[in-house]
Amino acid sequence: MTTKASVWRRLVTCLSSLKFYLNVLCLVVTVFVLLQICSFQITQRSLSLPPALLTYLRHQPEHMSENKTAYLVEKLRESVTFLPLKDYRFSNKPLEGHTWFMSSLYDNQTKGEAQYQEFPSDSSKGRHLCLKGVDEHDGSWNSYALAWPEALPTNAVLQEGLTFVSYNQYDYGNLWHGLTAVVPFVAWSLRNQCEKPQKWVLYHWGELRFGMGHWLSEIITATYGQQPKFLRFADQDKPVCFEKAVVMRHNEGGMSRERRMEAFDLIRCKARDYCNISSSERSKPRIGMTLLLRTGARSFRNESMVIDVFKRECKRVDGCEINVSYSNNLTFCEQVGLMQKTDVLVSPHGAQLTNLFLMNKNSSVMEFFPKGWLKLAGVGQLVYQWGANWSGMRHEGSWHDPVGEICQFPDTDRRCMSIYKNAMIGYNETYFGEWARRVLGKFSIREMKELAECNHGNSSLDVCS
């Protein structure tokens, strides 16, 4: 019995030892296979590099390995490629898609937000924006590139802080075109802790601009609490790279009405603070009607008759006060103050209407055009309807003069627009009177409703964001 037990124990021991060795063998084989797979993958990744680069690296001197980082940084620096800011391949559609300005790059397009580019960012793979060139007449002679922070181009200057880079298809002197270029930057700041730019770089068709109209400059000063500083490039061949840059090239394109209104609300509030103008509380209904008139192009042919019509209709409404002003002899703060007192704005089509967003929300706008604009002016005649909608105002319609300058071509011929564009505007006493009564009547109803809400504690504080 003892002998049988001893034999059995020896057999179990033998089998256990064999099982152990088999387990060890399997483990060794598994590790070997895994190492082979890993080695194969590494080889595959290496082989996926461009053959020319592999060949180049294999023929480098051995001492290069001692300072490999410095060597690679220098090669990255040399590889920075500048491209023309204005790409003539897209001259037939300069504003579509990624535009002809910085055409190789695409915008951040978050729904409802302004389309923009930010550098450095994930989309730029951490690279900084660099600009070069001083041309004010041909944007194709100015250029841009992206560069790693450790490998900026040779002789490059690093501009510290935040820089706003603006592309405008139109110009920065016109109130409307300039404002639509600035609004998306304000909207971006609202989404980024109200960050302020240290510098501005302005481009028109890729051509450098070194300033903007006084009114627009005051808007920026009021909004950001500092005068805009425009970057000047010292040398044609000396690039400027930016520690942080935000580029806008679609103006307000992509922005929802809500986002536009937020930006206009902030600018309006900041402008009033800047000019020390506060919203005066009203104890009874009052309507401020302003005739903001022009001299010269698109002025009224018989101005005194137009003024008399609106004065007469204003007198018929309890609490209505009328003001006749000319935008060309008002300072910026005088314009802000005038708009704060205005509930119904009466004005010909023109840049002075850009001030409409400075009125209190829900105010009314009445717009007038010379003959020919309805058929020939295209969407340009709608900009102040858009502006009123975006800033929370009410555009009460437009009057197009049916009588005016005579064109030798058919009235649908585009050549006639050169005659009609800056023509004077006539008047229709009956129509103007009826129109004014309707607008004043509707505003009176809104005013009563707003006062009732205010008395019940539903008014909103006029405080900047």
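Would segment 380-397 turn up any residue that is touching an Asp or Glu at 6+ places or on another chain (Cβ under 8 Å), open to solvent by 10 Å² or more (accessible area, probe 1.4 Å) and in a strand (DSSP E or B)?
So far as segment 380-397 goes, yes, one or more of its residues are touching an Asp or Glu at 6+ places or on another chain (Cβ under 8 Å), open to solvent by 10 Å² or more (accessible area, probe 1.4 Å) and in a strand (DSSP E or B).
Scan segment 227-235 and give yes if some residue there is open to solvent by less than 30 Å² (accessible area, probe 1.4 Å) and within 22 Å of S104 (Cα to Cα), otherwise no. Spell out how you get there, then give the answer.
Residues of segment 227-235 that are open to solvent by less than 30 Å² (accessible area, probe 1.4 Å), as a first pass: 228, 231, 233.
Among the residues that remain, those that are also within 22 Å of S104 (Cα to Cα) are: none.
For segment 227-235, residues open to solvent by less than 30 Å² (accessible area, probe 1.4 Å) and within 22 Å of S104 (Cα to Cα): absent.
Taking interchain pairs and intrachain pairs at least six residues apart, which have beta carbon atoms under 7 angstrom, with the first residue in segment 76-104 and small (G, A, S) and the second open to solvent by less than 30 Å² (accessible area, probe 1.4 Å) and at pLDDT 90 or above?
S103/D87
When only residues in segment 332-374 that are of a type in the set (D, E) and open to solvent by less than 20 Å² (accessible area, probe 1.4 Å) count, which is farthest from G387 (Cα to Cα)?
Taking segment 332-374 first, the residues of a type in the set (D, E) are 334, 343, 367.
Now drop any that are not open to solvent by less than 20 Å² (accessible area, probe 1.4 Å), which leaves 343, 367.
Values: D343: 16, E367: 12 Å.
Looking at the filtered set, the residue picked out is D343.
L179 - would you say it is within 15 Å of the chain's Cα centre (by Cα), open to solvent by less than 50 Å² (accessible area, probe 1.4 Å) and without any contact (Cβ under 8 Å) to a residue 60 or more places away in the chain? If you could, list the steps in order and put the result at the bottom.
Details: within 15 Å of the chain's Cα centre (by Cα): yes; open to solvent by less than 50 Å² (accessible area, probe 1.4 Å): yes; without any contact (Cβ under 8 Å) to a residue 60 or more places away in the chain: no.
Considered against the rule, which asks whether it is within 15 Å of the chain's Cα centre (by Cα), open to solvent by less than 50 Å² (accessible area, probe 1.4 Å) and without any contact (Cβ under 8 Å) to a residue 60 or more places away in the chain, L179 comes out as no.
Specify the residue that is nearest to G173 (Cα to Cα); the eligible residues are those in segment 208-256 that are in contact with a helix residue (DSSP H, G or I) (Cβ under 6 Å, 6 or more places away or on another chain) and among the charged types (D, E, K, R).
Among those that are in contact with a helix residue (DSSP H, G or I) (Cβ under 6 Å, 6 or more places away or on another chain) and among the charged types (D, E, K, R), it is E218.
Test of understanding: among L76, L72, L85, which residue is modelled with pLDDT of 80 or more and under 17 Å from A245 (Cα atoms)?
L85
Mind checking which residues of segment 366-384 are over 22 Å from T342 (Cβ atoms) and among the β-branched types (V, I, T)?
Within segment 366-384, V379 is the sole residue that qualifies.
Please work out if Y170 is farther than 10 Å from L85 by Cβ and either within 21 Å of the chain's Cα centre (by Cα) or surrounded by 20 or more Cβ atoms within 10 Å (Cβ to Cβ) (or both).
Values: farther than 10 Å from L85 by Cβ: yes; either within 21 Å of the chain's Cα centre (by Cα) or surrounded by 20 or more Cβ atoms within 10 Å (Cβ to Cβ) (or both): yes.
Criteria met by Y170.
Here is a yes/no grid of residues against (1) of a type outside the set (G, A, S); (2) open to solvent by 40 Å² or more (accessible area, probe 1.4 Å); (3) closer than 23 Å to I219 by Cβ:
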site	(1), (2), (3)
Y106	yes, yes, no
T110	yes, yes, no
G126	no, no, no
G139	no, no, no
A145	no, no, no
L152	yes, no, no
G161	no, no, yes
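Among the numbered criteria (1) on the phi < 0 side of the Ramachandran plot; (2) at pLDDT 80 or above, which single criterion is violated by S91?
(2)
Let me confirm something: among L440, L451, which residue is open to solvent by less than 90 Å² (accessible area, probe 1.4 Å), in a helix (DSSP H, G or I) and either among the polar types (S, T, N, Q) or modelled with pLDDT under 95 (or both)?
Numbers: L440 fails: either among the polar types (S, T, N, Q) or modelled with pLDDT under 95 (or both).
From the options L440, L451, the qualifying one is L451.
Name the residue, out of P197, P184, that is more than 22 Å from F233 (Cα to Cα), open to solvent by less than 10 Å² (accessible area, probe 1.4 Å) and in contact with a Phe, Trp or Tyr (Cβ under 9 Å, 6 or more places away or on another chain). Steps first, answer last, please.
Details: P197 fails: more than 22 Å from F233 (Cα to Cα).
Exactly one of P197, P184 is more than 22 Å from F233 (Cα to Cα), open to solvent by less than 10 Å² (accessible area, probe 1.4 Å) and in contact with a Phe, Trp or Tyr (Cβ under 9 Å, 6 or more places away or on another chain), namely P184.
In this structure, does K132 turn out to be at pLDDT 95 or above, closer than 15 Å to S217 by Cα and of a type in the set (K, R)?
Values: at pLDDT 95 or above: yes; closer than 15 Å to S217 by Cα: no; of a type in the set (K, R): yes.
When the stated conditions are applied, K132 does not pass them.
The conditions are (1) open to solvent by 10 Å² or more (accessible area, probe 1.4 Å); (2) under 31 Å from the mean Cα position of the chain (by Cα); (3) closer than 26 Å to D401 by Cβ, and T290 fails exactly one of them. Which is it?
(1)
Cβ-Cβ distance below 6 Å, separation of 6 or more or different chains: which pairs start in segment 336-360 with a residue that is part of a helix (DSSP H, G or I) and end on one that is hydroxyl-bearing (S, T, Y) and buried (at least 22 other Cβ atoms within 10 Å of the Cβ)?
These pairs meet every condition: L353/S347; L353/Y384; F357/S391.
The values are calculated or read from the model by the stated rules, or taken from the named source; none is laboratory data. Computed from a predicted structure; not experimentally measured. Here the Cβ is made from the backbone with ideal geometry for all residues, glycine too, and neighbour counts use every protein chain on show. When the accessible area is computed, the model is the full protein with side chains, heavy atoms only, and any ligands, DNA or RNA have been set aside. Shrake-Rupley method; radii C 1.70, N 1.55, O 1.52, S 1.80 Å.
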